[in-house]
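Below is one structure, written out as structure tokens; the observations come after it.
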Amino acid sequence: MIRHIVLVRFQQTVSQAVIDDLFDELHQIEGKVPGLLSITSGRSESPERIERGYLHGFVADFSGWAALEAYQLHPDHQRFGARLVAHAEGGLDGILVFDLPVQTEDLQHD
């Protein structure tokens, strides 16, 4: 499984309504890409408070690398990604992506 982690530092002028709309659009991709297992999105609630401005993000789990690639090429994802970049501070510089391979036995220990 591949855990696709995306952190976003939104421009200060972006309203919560726009952020909510973006995440709603993201969740509409669920069920459209084979191998996309789940999406979880929202605002950080970390008690450590060391987000460094990356206060929002999402995690998408995929069955493997091919499913992640299919998601990246999907027109709905490309539309969403363009909107996300447009609202991120500094464009693409306001977005961090981390793809983590997760073994199924690791999930049983979580």
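Please give the helix 16-27 orientation as an angle from the longest Cα principal axis of the chain, in degrees from 0 to 90, rounded to the nearest 10.
In the chain, helix 16-27 runs at an angle near 20 degrees to the longest axis.
Tell me, what is a quarter of the convex hull surface for the C-alpha atoms of the chain, in nm² with one decimal? Before the final figure, lay out the partial values.
Numbers: hull surface 29.1 nm².
So the mean shadow area of the Cα hull is 7.3 nm².
Leaving out ligands and nucleic acids, and using a 1.4 Å probe, what accessible area per residue does region 2-50 come to in Å²?
On the way: 3080 Å² over 49 residues.
Ligands and nucleic acids excluded, the result is 63 Å² per residue.
Around ILE2, with a cut-off of 11 angstrom between Cβ atoms, what is the net charge of the other residues, counting Lys and Arg +1 and Asp and Glu -1?
Values: positive: ARG3; negative: ASP61, GLU69, ASP99.
Its environment carries a net charge of -2.
Can you list the GluC sites (Glu not before Pro) in region 1-86 that are in a DSSP coil and have 12 or fewer other beta carbons within 10 angstrom? Working shown, then result.
Numbers: sites: GLU25, GLU30, GLU45, GLU48, GLU51, GLU69; in loops: GLU30, GLU45, GLU48, GLU51.
Passing both the DSSP loop test and the Cβ count: GLU30, GLU45, GLU48.
Just how large is the dipole of the chain about the Cα centre, in debye to the nearest 20, putting +1 at every Lys and Arg Cβ and -1 at every Asp and Glu Cβ? Walk me through the numbers before you get to the answer.
Working: 8 positive and 17 negative charges, 60 e Å.
Taking the Cα centre of the chain as origin, the dipole is about 280 debye.
Once neighbouring chains are kept in place and the probe is 1.4 Å, which whole percent of the accessible area of the chain is contributed by carbon and sulfur? Mind dumping the intermediate values first?
Numbers: 3610 of 6770 Å².
Heavy-atom surface of the chain belonging to carbon and sulfur, 1.4 Å probe: 53 percent.
Count charges around VAL97 for me, please; just the other residues with Cβ under 15 Å from its Cβ, Lys/Arg as +1, Asp/Glu as -1.
Summing Lys and Arg as +1 and Asp and Glu as -1 gives -2.
If packing is taken as the average number of other Cβ atoms within 10 Å across a peptide's residues, how do 72-79, 83-90 rank, most packed first? Mind showing how you got there, number by number?
Details: 72-79: 13.0, 83-90: 16.5.
Result, highest mean first: 83-90, 72-79.
With everything on Cα atoms, drop me the angle between helix 75-87 and the longest principal axis of the chain, reported from 0 to 90° to the nearest 10.
It is inclined by approximately 30 degrees.
Given R₀ = 35 Å, what would the calculated FRET efficiency be for ASP24 paired with VAL97, taking r from the Cβ atoms and rounding to 0.05? Can you show the working numbers first?
On the way: r = 21 Å, r/R0 = 0.59.
Efficiency, from the Cβ-Cβ distance: 0.95.
The values are calculated or read from the model by the stated rules, or taken from the named source; none is laboratory data. What you see is a predicted model, and the numbers here were worked out from it, not measured in a lab. Please note: Cβ atoms are built from the backbone with ideal geometry, for glycine as well, and neighbour counts cover all protein chains shown. The protein model used for the area step is the full one, side chains on, heavy atoms only, and it has no ligands, DNA or RNA in it. Shrake-Rupley method; radii C 1.70, N 1.55, O 1.52, S 1.80 Å.
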